[in-house]
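Structure first, then comments.
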Amino acid sequence: MCGVLVLGVAGAGAWIYQDLNGNIHGADIEDRLGGDRPANLSPGSKNILVVGSDSRDGDNAGYGEGLTTMQSDTLMVLHIPANREWATVVSLPRDSWVRIPACDKGDGSTSDPHSFKINEAFAIGGTSGEVADAAACTIRTVEANTGMRIDHFMSVDFQGFKGMVNALDGIEVCPEEAIHDDKAHLDMEAGCQTVKDETALGYVRTRYSVGDGSDIGRIGRQQEFMEALAAKAQTKLADPTALHGFLQSATKSLTTDEDLAGIKPLYGLASEIQGIPEDRLTFLTVPNYPREADVATDKANVVWQYPQAATLFTALAKDQEVDKEELEADAENLVYASSVRVQVLNGTGVSGRAAEVAEQLGEVGFTVVGTGNAPENTDTTTVTAPQGLEAQAAALTSRVTGAEAGPDEGATAGVVTLVVGTDFELDDIR
């Protein structure tokens, strides 16, 4: 959430800090994104991709031993609506297992489409060390898996985060249990305490040595820490020394797309955010579950929960405010992909299409029980199911872009049927 904090604080008198303008790095990403992108369904709204960069260069080299590539340690999408009356921040767990499209690696080569954890996109694009290429691959991946068009991006690295915390004389945290994590360089006792320097950095990065050891738990700690950081920054607005140090650290570690690369555009964006009531700023994590439920051998990653994830992304793409309590309640109606038994019928007339789709469905966790040809060719991809399998049908429909729910006449008992139409593209499966 560092990018949001930069905006919020910069808005409190950015005109004083014109000397900071040159600190911000601008990256030209437009030509790197390609033409096959989601449509802009809500003109006037803004989707900003916020990346906590885990680069291994310079002062960051001590973290994550054995890693030499650029990494996205934190990934969020900030949605600002056209009416500027509310805002939503959606965290995307770094261990989310998603489809990563072909990306320019920045070294003259192109990666192949494949499935892996979402933070690999930043590393693939950043093969040459350029943040612009890393951001472009991450944007392409987020857009492909959410259907949301990303308008801007911000990347903040580790050392900039630490500098912001230090400029505010540290942030108070209250861990309920002691944390001893060699990987995060962290050694803390339980109870409330003020953290700064490497301890603050370790606290927001620690994972395996606290709670359930999941990335989801870490996201919760990060969100709480960022809110505390924002609140303390607001109390320091009258202290020029503290505020200037905060902004120096923030801007020096900040890389944005070219349209946001400057104090003036950041100030304008900050002014919009500052007018949003506190109770209308919502922090969410995309609904998910352990991928182990679908692939028994994968004990490290998570998959997004459907149709809830699709409902969230579609609402924001259409500039509709999301009710957090309603989303979380709906997420309790969990349907594992592996519990959905699917038969795939080819309605395209293209030989082998059912087998190709079946293979992709299997890769994302569905249980494919058969393939065949549809009674007749069709232009429309449809999903049908017998009574009692409505939830399973909804889970499948929401993962096939453009699929429609069809009538259940003649539906096979216990099976959800996907009829592949000529409108289907092999990249349509999320």
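Coordinate-derived values only; no laboratory data. Computed from a predicted model, the values in this text were never measured in an experiment. Neighbour counts run over all protein chains shown; Cβ positions are idealised from the backbone, glycine included.
For helix 158-167, what angle does its Cα long axis make with the longest principal axis of the chain, in degrees from 0 to 90 and rounded to 10?
40
Enumerate the whole-percent occupancy of each 10 Å bin, from 0 to the last occupied one, for all C-alpha pair distances of segment 356-428.
All Cα pairs, binned at 10 Å, distribute as 19, 60, 21 percent.
Within 10 Å of each residue's Cβ, count the other Cβ atoms and sort Thr422, Thr378, Thr110, Thr256 from fewest upward.
Sorted ascending by nearby Cβ count, the order is Thr110, Thr422, Thr378, Thr256.
Taking amide H positions as placed in the peptide plane 1.01 Å from N, state which residues far from Ser72 in sequence (5 or more) or on other chains have amide H under 5 Å from it.
Asp54, Phe122, Ala123
Hey, of (i) 45, 26, 20; (ii) 43, 32, 18; (iii) 40, 23, 21, which did the structure itself give for semi-axes √(5λ) of the Cα gyration tensor in Å when calculated?
From the options (i) 45, 26, 20; (ii) 43, 32, 18; (iii) 40, 23, 21, the structure gives (iii).
How large is the charge dipole for the chain, taken about the Cα centre, if only the Cβ atoms of Lys, Arg (+1) and Asp, Glu (-1) carry charge, to the nearest 20 debye?
Working: 31 positive and 66 negative charges, 69 e Å.
Dipole magnitude for the chain comes out near 340 debye.
Hey, what angle do you get for helix 240-252 against the long axis of the chain, alpha-carbon based, 0 to 90 degrees rounded to 10?
Roughly 40 degrees, rounded to the nearest 10.
Which of Leu75, Leu426, Leu418 comes first, and how do the rest follow, when ranked by fewest Cβ neighbours within 10 Å? Intermediate results must be reported in sequence, preceding the final value.
Values: Leu75 23, Leu426 11, Leu418 31.
Least crowded to most crowded, the residues run Leu426, Leu75, Leu418.
Tilt of helix 263-274 relative to the longest C-alpha principal axis of the chain, in degrees (0 to 90, nearest 10)?
Rounded to the nearest ten degrees, it is 70.
What 222 nm value per residue comes from the helices of the chain, counting each DSSP H run with n ≥ 4 as -39,500 (n - 2.57) and dividing by all residues, nearest 500 deg cm²/dmol?
Helices in the chain give a 222 nm mean residue ellipticity of -9500 deg cm²/dmol.
How would you order 27-37, 218-228 from highest to lowest mean count of nearby Cβ atoms within 10 Å?
On the way: 27-37: 13.8, 218-228: 18.9.
Descending packing order for the listed peptides: 218-228, 27-37.
Quickly rank 303-309, 262-268 as a protection proxy: mean count of other C-beta atoms within 10 Å, highest first. Can you show the working numbers first?
Values: 303-309: 22.7, 262-268: 18.1.
Ranking the peptides 303-309, 262-268 by packing returns 303-309, 262-268.
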